[in-house]
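Bear in mind that the values in this text are calculations on the coordinates, not laboratory data. Just so you know, these numbers come straight off a predicted model, no measurement behind them. Here the Cβ positions follow ideal geometry from the backbone for every residue, glycine too, while neighbour counts run over all protein chains shown.
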Amino acid sequence: MRAHPAGPRHGEVLSTPSAPAAPSGDPGALDPAVWPRTARRGSEGALVIGDCDVRDLVADFGSPLFILDEADFRSRAASFRTAYAAGTASATVYYAAKAFLATAIARWVEEEGLGLDVASGGELAVALAADFPADRMILHGNNKSVAEIERALEVGVGLIVIDSMTEIGRVAEAAQRRGVVARVLVRVTVGVEAHTHEFIATAHEDQKFGLSLAEGEAAAAVRAVVAAPSLRFVGLHSHIGSQIFDASGFEIAAGRIVDLVTDLADAGIPVDMIDLGGGMGISYTQADDPPTVEDMASAIDRIVVKSCERAGIAIPELAFEPGRAIVGPAGVTAYEVGTVKPVTLDQGMVRTYVSVDGGMSDNIRTALYDADYTVVLASRVSTAPPMLCRVVGKHCESGDVVVRDAWLPSDLAPGDLLAVAATGAYCRSMASQYNYLPRPAVVAVGQGQARVVLRRETEQDLLALDPGAAV
């Protein structure tokens, strides 16, 4: 075991009228709803994930560092497969690669019995590099290029989601050139927008995805697909939002989709599949309270079955596309503390800015979505009084915030390690090289072993695309 110095003691307590309540109880406690399932505190108080001490991981792989709990990922993937297989309707679960993808992730997905939803030629290339079966993939995208479509047809991607009237001709022509029949879903905009605890149901939606149900575009698209000899209409696709905590939005969306299925059946057009997309929520903080996978699966199954029975039609096969709900809770980001700066505000109040060695280049979600996260001191446990902090990055942007309000020990010091929970989804996949910061490594941990999923970028990587650089 390496020696891990605690570092000097320093801090400044902030008290403001609008500040969240200070934490109580065990200062080293980890909420099991927020942290990966194997996360715990080691004998010296440091965070341990997959039986790997975060201090050792940072020493070996650098900081910032994305840490993925492989057992957590696999168990969540298996839970989705099992929960949706238990319903009345036959169901297939596709992992949404956009949340995070690497060849190792694609292999885990295949080994856990899920399909894969890819949204670009690049994601498709990663999946193929992992030898993921193409017939278990779905290709998404509102503006698929001809090259992406042709590549999907060449390798035999199982389903292509049609997102516009223009795309019908584009896919049909590409399939005709290759002498194949492309299996397609038509994406329907159903007028339901759901996020967290709320949903909005309207007749129209102003967004770039899908074909309007209310305007009749979806039905027209289905008829156009059926009329194309090089296309085979398989079913309908709908995605109503993200970070969804209840099934209310799915109920209205499924009802509207089933109405369309009924109309198509009356016209002699069978619908074999309804894909209800993803969007199931996770806990980023203690304030979040998403349902279990089993409860959400059961609720959605009941909604679809009830809607089909009411309409008097056969229950189509169902499909779902979770991403965040599988990989999000499995991921943790480790940072090293650099500057700890108390800043005096109005009326003599003080806010402590804690700067870390990453920021918006490895987690843009706080700046982009005003996302909330849970952060803890990871290299040790402290009994010092808590101070209200703002954890910020090192980028040249005032909006470079990682965690807006966080209670951390008032003896926090440079060299300490912080860990931010639930960063497995949309952090590394949306990472940038802003200010020419190399993107962090991703390591998978389990049973005391760590292996690289994506290596850390180097300055040579940053210069490799610049023909004027002497590399």
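What is the antiparallel percent of DSSP beta bridges lying wholly in the stretch 70-327, to the nearest 5?
Working: 4 of 36 bridges.
Expressed as a percentage, antiparallel bridges in the stretch 70-327 total about 10.
Based on alpha-carbon centroids, what's the gap between the stretch 214-271 and the stretch 292-319 in Å, whole number please?
15 Å
Provide the FRET efficiency to the nearest 0.05 for the Ala227-Asp263 pair, computing r from the beta carbons and using R0 = 22 Å.
After rounding to 0.05, the efficiency reads 0.85.
Over the stretch 70-327, what is the mean sequence separation of C-alpha contacts under 8 Å (at least six apart), divided by residue count, expressed as relative contact order in percent?
Details: 515 pairs, mean separation 55.9, N = 258.
Reported as a whole number, the value is 22 percent.
Could you compute how fast the stretch 70-327 diffuses translationally, taking Rh as the Kirkwood radius over C-alpha pairs and applying Stokes-Einstein at 10 °C with viscosity 1.306 mPa s? Give it in µm² per second. Walk me through the numbers before you get to the answer.
Details: Rh = 18.3 Å.
Here the translational diffusion coefficient equals 87 µm²/s.
With +1 assigned to the C-beta of every Lys and Arg and -1 to the C-beta of every Asp and Glu, and no other charges, what is the dipole magnitude of the stretch 70-327 about the Cα centre in debye, to the nearest 20? Mind showing how you got there, number by number?
On the way: 21 positive and 36 negative charges, 130 e Å.
Dipole about the Cα centre, nearest 20: 620 debye.
Grab the DSSP H runs of the chain that are 4 residues or longer, score each as -39,500 (n - 2.57), total them, divide by all residues and round the 222 nm result to the nearest 500 deg cm²/dmol. Intermediate values should be presented prior to the final figure.
On the way: 12 runs with 129 residues, N = 471.
One gets -8000 deg cm²/dmol as the mean residue ellipticity at 222 nm.
Between Ser432 and Asp295, what is the label-point separation in nm under the 7 Å Cα-to-beta-carbon projection?
Between Asp295 and Ser432, the simple spin-label model gives 3.8 nm.
Given labels modelled 7 Å from the Cα in the Cβ direction, how far is it in nm from Asp56 to Lys341?
3.6 nm
With charges set only on the Cβ (+1 for Lys and Arg, -1 for Asp and Glu), what does the dipole of the chain come to about its Cα centre, in debye to the nearest 20?
Details: 39 positive and 60 negative charges, 121 e Å.
Roughly 580 debye for the chain.
Have a look at the DSSP beta bridges in the chain and tell me what percent are antiparallel, nearest 5.
Values: 37 of 78 bridges.
Roughly 45 percent of the DSSP beta bridges within the chain come out antiparallel.
Output the relative contact order of the stretch 218-293, whole-number percent, from Cα pairs under 8 angstrom with separation of 6+ residues. List each step's numbers first, then the result.
On the way: 74 pairs, mean separation 29.4, N = 76.
Contact order relative to length: 39 percent.
What does the charge count near Phe66 come to, summing +1 for each Lys or Arg and -1 for each Asp or Glu among other residues with Cβ under 12 Å from its Cβ? The partial results should precede the final answer.
Working: positive: Arg428, Arg439, Arg455, Arg456; negative: Asp69, Asp362.
Neighbour charge sum, excluding Phe66 itself: +2.
Neighbour counts of other C-beta atoms within 10 Å: give me Thr333, Thr292 arranged from fewest to most. Kindly include the intermediate steps, with their values, before the conclusion.
Numbers: Thr333 27, Thr292 10.
By the 10 Å Cβ count, ascending, the order reads Thr292, Thr333.
If I model a spin label at Ala85 and Thr458 as a point 7 Å from the Cα along the Cα→Cβ vector, what separation in nanometres do I get?
4.4 nm
Work out the charge dipole of the chain with +1 on the Cβ of Lys and Arg and -1 on the Cβ of Asp and Glu about the Cα centre, then indicate which of Ala469, Leu417, Val192 is farthest towards its positive end.
Sorting the options by dipole projection puts first Ala469.
Treat the chain as a sphere of radius equal to its Kirkwood radius over Cα pairs and apply Stokes-Einstein at 25 °C in a medium of 0.890 mPa s; give the translational diffusion coefficient in µm²/s, rounded to a whole number. Working shown, then result.
On the way: Rh = 23.8 Å.
The estimated diffusion coefficient comes to 103 µm²/s.
If we count every other residue with Cβ under 12 angstrom of Tyr95's Cβ, Lys/Arg +1 and Asp/Glu -1, where does the sum land?
On the way: positive: Arg74, Arg76, Arg81, Lys98, Arg107, Arg136, Arg324; negative: Glu110, Glu111, Glu112, Asp117, Glu123, Glu321.
Within the 12 Å Cβ shell, the charges total +1.
Can you list which of the DSSP-assigned H helices in the chain have a Cα extent of 18 Å or more along the long axis and an average Kyte-Doolittle score of at least 0.5?
Working: long enough: 70-85 (23 Å, -0.59); 165-178 (21 Å, -0.65); 248-266 (28 Å, 0.65); 293-311 (27 Å, 0.15).
Span-like helices, by this rule, are 248-266.
Quick one: length gained pulling Ala29 to Ser43 fully straight, 0.36 nm per residue minus the C-alpha distance? Let's see the in-between values first.
Values: separation 14, 0.36 × 14 = 5.04 nm, distance 1.34 nm.
Additional length available on full extension: 3.7 nm.
Relative contact order (percent) for the chain, with alpha-carbon contacts under 8 angstrom and 6 or more residues of separation? Present the calculation step by step, with values, prior to reporting the outcome.
On the way: 1079 pairs, mean separation 106.2, N = 471.
Here the relative contact order equals 23 percent.
Determine, for Asp56, Asp416, Asp131, the number of other Cβ atoms within 10 Å of each Cβ, and report the residues in order from fewest to most. Write out the running numbers ahead of the final one.
Numbers: Asp56 16, Asp416 25, Asp131 11.
In order of increasing Cβ crowding within 10 Å: Asp131, Asp56, Asp416.
Could you count how many Lys pairs in the chain have their Cα atoms under 20 Å apart, skipping same-chain pairs fewer than 8 positions apart?
On the way: Lys98/Lys144; Lys98/Lys208; Lys144/Lys208; Lys341/Lys394.
The number of close lysine pairs in the chain is 4.
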